[in-house]
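Read the structure below first, then the notes.
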Amino acid sequence: QVQVEESGGGLVQPGGSLRLSCATSGGIVSFNVMGWYRQPPGKERELVADITSGGGTNYADSVKGRFTISRDNAKKTVYLQMNSLKPEDTAVYYCSVKIYGINYWGKGTLVTVSS
């Protein structure tokens, strides 16, 4: 059974940085897409960034140039480095791994950007 667990959320001031981590286990095949999504208060979940097992990346326009997604295939882990954070980045951040078209989700980690 695929398991997904996020860590690294918290409270940060505007302009600050945070690094999210997502560990996966159980049934992870070599080819998959790992990604970060977020759900701001009162809004729908949206894609932040994703990365293929080959290293191809895709970013939401709102985070380009500020966030960087990376992965360690040996550790089955994906990271999200978030710099120059803004109050509008406040959200619950979810990790996802897509295997054969099926998304497996973590429970989420809260990121709050506030002074």
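The values are calculated or read from the model by the stated rules, or taken from the named source; none is laboratory data. Computed from a predicted model, the values in this text were never measured in an experiment. Positions of Cβ are backbone-derived with ideal geometry, glycine not excepted, and every protein chain shown enters the neighbour counts. Remember, those area values only see protein heavy atoms, side chains included, never the ligands or the DNA or RNA. Shrake-Rupley method; radii C 1.70, N 1.55, O 1.52, S 1.80 Å.
Over the Cα atoms of the chain, the radius of gyration divided by the Kirkwood radius equals 0.95; this is the Rg/Rh ratio.
Site pair Asp61 and Trp105 shows an inter-label distance of 2.5 nm when each label is modelled 7 Å from Cα along Cα→Cβ. Heavy atoms of the protein chains alone define the surface here; on that basis segment 10-76 has 55 Å² accessible area per residue at 1.4 Å probe size. FRET efficiency for the Ser53 to Arg19 pair, using the beta carbon distance and R₀ = 25 Å, is estimated at 0.75. Paramagnetic label reach from Glu46 (point 7 Å along Cα→Cβ; backbone nitrogen cut-off under 12 Å): within segment 91-108, residues 91. Restricting attention to the chain, the count of lysine pairs at 8 or more positions apart or across chains with alpha carbons under 21 Å apart stands at 9.
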